């Protein structure tokens, strides 16, 4: 099993392309490290805790793609993996670890196991993976709440803007509504026609907005994935988000259209004609 070394070790390129002697241990390096140092499988590198020391020779046994992690993306750190005994010998600190993970059998409670380990000895602290994830994701929770507040403000502002647009749009139909009232068209018919028009506009806007969101999301992912050299998804549009947006658009459009139409049909025809 390979152990991940999260600290930063100076990596000195000894001879790219040279095959390592048989006794040298192997390491696995990230794809970004291999690209930046122009390394490939079988090349020789020297690792050390200080750049002024000759270091210990290792061979590049594998090149792997790191798992996309939002908590690590902005740190711009580079990692490698090696066998735990090799890491202990390199650091000169055998039988000492900073962190380790323990796998549990199915059905075993992680909280109960952590509590039992914490009572067993001193010098370490055991946490469940859920507790670690909750503690390390506080920043993302704050950002999520901030985005939610922005979304609420945007929805309220867009609703007011939509209502104003519908009122202006309906005001342009004053003469048409007055003529229909004069010839005997019922208020309910006029109201239904205006409401249907508002719903159709909301449906069209929903499709256009969804397409624009997908295009903007694809552009965002393409730019930041190239900028950070990662496969992490920065903009994700799920079916739930699309469904919520479409329903919200239809509801707001229908309400704005209904309010504007109600105001129009309850105005006297002579006022609509400009004679009242």
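Assorted remarks:
- Given (1) loosely packed, with under 13 Cβ neighbours inside 10 Å; (2) over 28 Å from residue 29 (Cβ atoms); (3) outside the structural domain of residue 248 (by TED's automatic domain parsing); (4) out of contact with any helix residue (DSSP H, G or I) (no Cβ under 9 Å at 6 or more places or on another chain), index of the condition residue 118 fails: (1)
- All positions within the stretch 81-107 that are over 19 Å from residue 47 (Cα atoms) and surrounded by 11 or more Cβ atoms within 10 Å (Cβ to Cβ): 104
- Some residue of the stretch 216-226 being at pLDDT below 85, in the same structural domain as residue 148 (by TED's automatic domain parsing) and not in a loop (DSSP other than H, G, I, E, B): no
- The lone exception for residue 129 - which of (1) out of contact with any helix residue (DSSP H, G or I) (no Cβ under 7 Å at 6 or more places or on another chain); (2) surrounded by fewer than 13 Cβ atoms within 10 Å (Cβ to Cβ); (3) closer than 30 Å to residue 235 by Cα it fails: (1)
- Cβ pairs under 8 Å, 6+ apart, first in the stretch 229-246 and free of Cβ contacts under 8 Å to residues at least 24 places away in the same chain, second part of a helix (DSSP H, G or I) and surrounded by fewer than 13 Cβ atoms within 10 Å (Cβ to Cβ): 235/216; 235/218
- When 272, 168, 175 are checked against the criterion of being assigned to a helix (DSSP H, G or I) and either buried (at least 16 other Cβ atoms within 10 Å of the Cβ) or at pLDDT 85 or above (or both), a single residue qualifies: 272.
- Scanning the stretch 178-196 for residues that are more than 19 Å from residue 255 (Cβ to Cβ) and either surrounded by 10 or more Cβ atoms within 10 Å (Cβ to Cβ) or not assigned by TED's automatic domain parsing to the domain that holds residue 247 (or both) yields 178, 179, 180, 181, 182, 185, 186, 189.
- Exactly one residue out of 212, 264 is under 30 Å from residue 152 (Cα atoms) and surrounded by 15 or more Cβ atoms within 10 Å (Cβ to Cβ), and it is 264.
- Filtering 78, 67, 46, 50 for residues that are closer than 30 Å to residue 133 by Cβ and either out of contact with any helix residue (DSSP H, G or I) (no Cβ under 9 Å at 6 or more places or on another chain) or loosely packed, with under 11 Cβ neighbours inside 10 Å (or both) leaves a single hit, 67.
- Evaluation of residue 151 against (1) in a helix (DSSP H, G or I); (2) more than 34 Å from the chain's Cα centre (by Cα); (3) more than 19 Å from residue 257 (Cβ to Cβ) (one fails), failing number: (2)
The values are calculated or read from the model by the stated rules, or taken from the named source; none is laboratory data. Note that the structure is a prediction, hence the values are computed from the model and not measured. Here Cβ is always computed from backbone atoms with ideal geometry, including for glycine, and neighbour counts include all displayed protein chains.
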